[in-house]
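Heads up, the thing below is written out as structure tokens.
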Amino acid sequence: MWNRLVQTVIERLVATDRIARNLRRPESGILGAITSSILKKANQPVERNAVKHLDVRPNHTVLEIGFGLGYGIQHVLDIIKEGDGFLHGLDISDEMVRRTARRFQKEIKDKRVNICIGDVACMPYEDNTFDRVFHTNCYYFWPDMDKAAKEIYRVMRKDSVMVTALVPDRVKDGVNKGALKYGNPDQTRYVDALRNNDFVDVQVQDFYDAADGLYPWYQAVFAYVKKK
């Protein structure tokens, strides 16, 4: 009985550890599928709200960092499809790139979307490319926050804005359950990095989303580029 109990505890710890690793960089396989299920549940409302606060216009060039399963990409496409805007998606996970590229293969073929694998600290984009940048549940896993902030600033245009959305209670639950053991969700660390790397008017605002019954309270972090 005791040996079986120990074995069960160990198995659960190993599974939690592997899920935590997959949240940082989703992979294929059974645990990748579990991670995708978690991301689907957690990211749909927060991605929708991030895009809502981003104030995207049909002619904007937009970047989503860490696009995951592509919910944010779809929300942006719904806006820019009436104009000549363009959307870039960057993710560090081969699995997310594969899945999302397949989901948006028509839009990629029509040259409205570009999906690529890459690191936020070294992005394959020219200076002053984007009017809008957004990401959700993402910065926790950036090992060098200052380098990432500096790189994001580099690719943004003058008078552009970046929005980060998150659900604090969900993040807290993730920390308590060990799901974010390979990340650092400290919001102060993130905000300080933005302010220290030329972003201005960095603000954290609280919002309420009645449609998300489990976690209706969420936050959005706004960061602006005024001068270049």
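Brief remarks follow.
- Low-density loop cleavage sites - GluC sites (Glu not before Pro) in segment 107-179, where at most 12 other Cβ are within 10 Å (DSSP): 126
- Heavy-atom accessible area per residue - segment 76-228, 1.4 Å, Å²: 50 Å²
- Reachable aspartates and glutamates, given that their alpha-carbon falls under 20 Å from the alpha-carbon of residue 81 and they are not under 8 places away in the same chain: 47, 55, 64, 107, 110, 131
- Shape analysis of segment 154-228 places it in the oblate category; the axes a ≥ b ≥ c from the Cα gyration tensor give an a/c of at least 1.5, with a/b not above b/c.
- Normalising the Debye intensity of segment 134-191 to I(0), with uniform scatterers on Cα atoms only, and taking log10 at q = 0.21, 0.23 Å⁻¹ returns -0.85, -0.97.
- One decimal place: the segment residue 172-residue 102 gains 21.9 nm when fully extended, by the rule 0.36 nm per residue minus the C-alpha distance.
- Karplus-derived 3J(HN,Hα), 6.51/-1.76/1.60, for each residue of segment 160-176, Hz, glycine and proline x: 9, 9, 10, 10, 10, 10, 7, 10, x, 5, 5, 4, 4, 4, x, 5, 5
- For segment 112-228: lysine pairs under 19 Å (alpha-carbon distance), excluding those fewer than 8 apart on one chain: 9
- Nonlocal amide H pairs with residue 66, under 5 Å, H built at 1.01 Å: 90, 91, 92
- Each residue of segment 91-104 was assigned a 3J(HN,Hα) from its phi angle through the Karplus expression (A = 6.51, B = -1.76, C = 1.60, θ = phi - 60°), giving 9, 8, 9, 4, 5, 5, 4, 4, 5, 6, 4, 5, 5, 10 Hz with x at Gly and Pro.
The values are calculated or read from the model by the stated rules, or taken from the named source; none is laboratory data. This one's a predicted model, so the numbers in the text were calculated from it and none came from an experiment. Methodologically, a virtual Cβ is constructed for each residue, glycine included, from the backbone with ideal geometry; neighbour enumeration extends over all protein chains shown. Side chains included, ligands, DNA and RNA excluded: accessible areas come from the protein's heavy atoms. Shrake-Rupley method; radii C 1.70, N 1.55, O 1.52, S 1.80 Å.
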